[in-house]
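J.: Input: one structure, supplied below.
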Amino acid sequence: MEPLVAAVDQGTSSTRFLVFNAKTAELISHHQVEINQSFPKEGWVEEDPKEIMQSVYECMERTCEKLCQLNIDVSNIKAVGVTNQRETTLVWDRETGEPLYNAIVWLDLRTQSTVERLINKTPEKNKNHLKHKTGLPISTYFSAVKLRWLLDNVDEVRQAVLSERAMFGTVDSWIIWCLTGGRNGGVHCTDVSNASRTMLFNIHTMDWDPELCRYFDVPVEILPKVRSSSEIYGWMVSSVNPQTCLFVCKSGSLTGVPISGRPRLSQCLGDQSAALVGQMCFKEGQAKNTYGTGCFLLRNTGTKPVMSDHGLLTTVAYKLGKDEPACYALEGSVAIAGAVVRWLKDNMGIVRSSSEIEKLAAAVGSSYGCYFVPAFSGLYAPYWEPSARGIICGLTQFTNRSHLAFAALEAVCFQTREILDAMNQDSGIPLMQLQVDGGMTSNRLLMQLQADILCIPVVRPTMSETTALGAAMAAGAAEGVGVWNLSPNHLPHVTSEEFEPQINPEESEYRFARWKKAVQRAMNWETTEPCCNANGTHEFRKEDERHPLGGPSYPSPHQSRPLRKKGQFFKSTEEESLQEHT
């Protein structure tokens with residue numbers, strides 16, 4: 001049997017474990033488990049870190065059982081890569097291995113008031129004040145403000161920091177730490193692509209930035225070590241999960257294989273970077289768009305970061321080896337793509353399953369003037385406006401659920417069009433075709449709509465698991481593993497299907513202009529307005545909330561936090577800290 005490479009693909013709505021042939025890129029086996037999300041308050045999105053890890057173990061075990069049924073020896077798995085939802089923020093206890101709070105998901109909006117205060121304290125109230133170092137605007141999207149909220153509002157986190165027990169990480173760090181031993185010697189690390197999404201990482205020096213850490217009042221000691229995207233991080237161990245045994249299958253497990261024969265964790269990439277690798281966009285100017293919970297368009301800009309003048313992010317795409325240069329990308333991020341279908345299903349009952357929306361929308365073939373802006377978590381690129389909220393307009397008595405379904409699919413395409421226009425302006429070279437991947441691309445109507453609205457061909461690979469494939473490729477190519485060759489002449493060939501535009505450009509422009517009018521109506525909907533208390537000072541409305549992991553009550557994010565005493569670990573309030581470091 002030829003060598004195999006596996007990937008943990010931990011996304012916002014599900015976890016998967018996939019095994020690929022390292023020579024042909026053929027998907028051999030996989031298993032998927034859905035992840036529950038909780039919404040404790042309006043705008044809050046959380047996930048249970050223990051459930052995330054349990055889903056990883058379950059996917060691994062079920063996949064290995066399937067390999068055994070195919071008479072494939074699991075010891076042929078030479079390396080395991082990890083790809084993950086980015087920006088989602090966790091803090092856990094290094095001594096007990098217990099998470100100190102639920103994972104705050106990248107979509108979460110609880111830090112809106114924190115972001116407003118951060119921006120208001122910058123010169124000229126500029127959301128791009130840190131962009132020269134981070135490539136990012138100050139936004140609820142990124143990990144630093146989520147970590148700041150945890151430090152301010154969760155006593156367990158604050159106490160763990162004071163006693164030097166706290167460990168911060170995005171989901172990749174949590175998974176790698178657990179799979180390499182957890183509290184018994186687990187590796188606390190992340191890669192450059194995930195680190196570049198925290199707002200604590202300098203994309204020029206390629207390391208945590210002391211000034212940024214002081215700006216957010218975050219102790220650098222709790223941060224993971226930053227590694228390249230393709231190197232051996234550590235050995236997989238089988239004693240991590242007390243309930244189950246890693247890689248269990250009927251014919252045996254890797255627990256009996258000598259340590260040199262066990263798979264190595266040798267890759268880590270944020271999911272969008274992994275998709276860029278999986279689409280084999282290694283050349284400057286190549287781009288891909290992933291349609292998942294959100295929608296993310298990345299364009300490879302080579303070894304020099306390109307700063308956007310049109311609302312895009314500058315991010316580290318990958319660094320494929322300790323001694324290899326980092327490659328950068330321009331990125332356009334859309335918060336709500338596939339999540340709008342889930343909303344139509346779970347919240348509104350308009351469809352019974354995600355696959356039903358294509359049939360429902362195709363039945364009418366038009367929104368008949370109905371436009372949907374799904375700004376459930378504000379608007380990301382190119383606006384970066386957290387105060388926006390979702391809006392459906394152009395309704396008449398004729399409008400029915402089929403028109404809403406069509407408008408929802410069109411909204412995904414319109415958001416992509418906005419990003420592509422910004423990317424073409426920044427690069428000066430129009431993209432001539434768009435490579436796509438992600439769960440939503442199975443919707444043929446959506447793909448045709450996207451080609452019509454962009455007025456360029458949309459190219460979809462027939463093998464849809466490009467994110468996991470990218471993770472597997474980087475894992476197999478790591479020094480010390482060397483079972484996958486990423487040189488141009490050895491890249492696997494993946495067949496694809498092309499969708500050509502079928503409407504005239506004037507029709508496309510008309511529909512896009514109408515949608516842009518709807519976007520303007522969605523702006524500045526939500527504000528965090530203070531009220532005066534009995535003392536005449538301003539405070540935000542208090543609400544009664546409980547710690548979701550069973551701990552004590554904690555303040556609302558809309559509540560101003562008290563001044564800390566001088567001499568405590570955090571030396572000043574957020575406002576004082578900003579004045580010191582701005």
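The values are calculated or read from the model by the stated rules, or taken from the named source; none is laboratory data. These numbers were taken from a predicted model, which means no experiment stands behind them. Cβ sites come from the backbone with ideal geometry, for glycine too, and all protein chains shown count toward neighbours. For the accessible areas, the whole protein counts, side chains as well, though only heavy atoms, and no ligand, DNA or RNA atoms are used. Shrake-Rupley method; radii C 1.70, N 1.55, O 1.52, S 1.80 Å.
J.: Looking at region 1-54, what strands (runs of 3 or more DSSP E) fall wholly within it and have at least 1 residues that are of a type in the set (S, T, Y)?
T.: Per the criteria, 14-21, 27-34.
J.: Looking only at region 251-292, which residues are open to solvent by 30 Å² or more (accessible area, probe 1.4 Å), among the polar types (S, T, N, Q) and either outside any loop (DSSP other than H, G, I, E, B) or modelled with pLDDT of 50 or more (or both)?
T.: T255, S260, Q286
J.: Name every residue in region 315-363 that is surrounded by 15 or more Cβ atoms within 10 Å (Cβ to Cβ), more than 23 Å from the chain's Cα centre (by Cα) and part of a loop (DSSP other than H, G, I, E, B), in order of residue number.
T.: Matches in region 315-363: E324, I350, V351.
J.: Further, regarding this structure: Within region 206-230, work out how many residues are outside any loop (DSSP other than H, G, I, E, B) and either free of Cβ contacts under 8 Å to residues at least 12 places away in the same chain or within 22 Å of the chain's Cα centre (by Cα) (or both).
T.: Qualifying residue count, region 206-230: 10.
J.: Only one of (1) of a type outside the set (D, E); (2) open to solvent by less than 30 Å² (accessible area, probe 1.4 Å); (3) over 21 Å from R514 (Cβ atoms) is not met by L454, so which one is it?
T.: For L454, the exception is condition (3).
J.: Which number in (1) of a type in the set (V, I, T); (2) more than 21 Å from A472 (Cβ to Cβ); (3) at pLDDT 50 or above; (4) surrounded by 16 or more Cβ atoms within 10 Å (Cβ to Cβ) marks the one condition that V248 misses?
T.: (3)
J.: Scanning region 121-161 for residues that are outside any helix (DSSP H, G or I) and aliphatic (A, V, I, L, M), which turns out farthest from the chain's Cα centre (by Cα)?
T.: Here the answer is V154.
J.: Now a separate question. What do you reckon, is A405 open to solvent by less than 20 Å² (accessible area, probe 1.4 Å), in contact with a Pro (Cβ under 9 Å, 6 or more places away or on another chain), part of a helix (DSSP H, G or I) and more than 23 Å from T315 (Cα to Cα)?
T.: For A405, the condition - open to solvent by less than 20 Å² (accessible area, probe 1.4 Å), in contact with a Pro (Cβ under 9 Å, 6 or more places away or on another chain), part of a helix (DSSP H, G or I) and more than 23 Å from T315 (Cα to Cα) - is not met.
J.: Sticking with this structure for a sec: Are any residues in region 54-69 open to solvent by 10 Å² or more (accessible area, probe 1.4 Å) and hydrophobic (A, V, I, L, M, F, W, C), and if so, which ones?
T.: Scanning region 54-69 gives a single hit, C68.
J.: Further, regarding this structure: Could you please give the count of residues in region 112-126 that are in contact (Cβ under 8 Å) with a residue 24 or more places away in the chain and over 18 Å from W525 (Cβ atoms)?
T.: Looking only at that region, the number is 6.
J.: Looking at (1) open to solvent by less than 10 Å² (accessible area, probe 1.4 Å); (2) under 26 Å from W384 (Cβ atoms), can you tell me which one H129 breaks?
T.: Of (1) open to solvent by less than 10 Å² (accessible area, probe 1.4 Å); (2) under 26 Å from W384 (Cβ atoms), only one is false for H129: (1).
J.: Can Q450 be described as in contact with a strand residue (DSSP E or B) (Cβ under 6 Å, 6 or more places away or on another chain) and over 23 Å from Y318 (Cα atoms)?
T.: yes
J.: Could I ask something else about it? Regarding region 437-444, can at least one residue be identified that is in contact (Cβ under 8 Å) with a residue 12 or more places away in the chain, surrounded by 24 or more Cβ atoms within 10 Å (Cβ to Cβ) and touching an Asp or Glu at 6+ places or on another chain (Cβ under 8 Å)?
T.: no
J.: A further question on this structure: Can you pull out every residue in region 431-466 that is more than 16 Å from Q286 (Cβ to Cβ), polar (S, T, N, Q), in a helix (DSSP H, G or I) and under 23 Å from the mean Cα position of the chain (by Cα)?
T.: T441, S442, Q450
J.: If you don't mind, there's one more thing I want to ask. For region 167-179, check the following and say yes or no: at least one residue is polar (S, T, N, Q) and surrounded by fewer than 23 Cβ atoms within 10 Å (Cβ to Cβ).
T.: No, there is no match, as no residue in region 167-179 is polar (S, T, N, Q) and surrounded by fewer than 23 Cβ atoms within 10 Å (Cβ to Cβ).
J.: Only one of (1) of a type outside the set (A, V, I, L, M, F, W, C); (2) surrounded by fewer than 17 Cβ atoms within 10 Å (Cβ to Cβ); (3) assigned to a strand (DSSP E or B) fails for E506. Which number is that?
T.: It fails just one condition, (3).
J.: Go through (1) touching a Lys or Arg at 6+ places or on another chain (Cβ under 9 Å); (2) buried (at least 24 other Cβ atoms within 10 Å of the Cβ) one by one and return the number of the condition P40 breaks.
T.: Unmet condition: (2).
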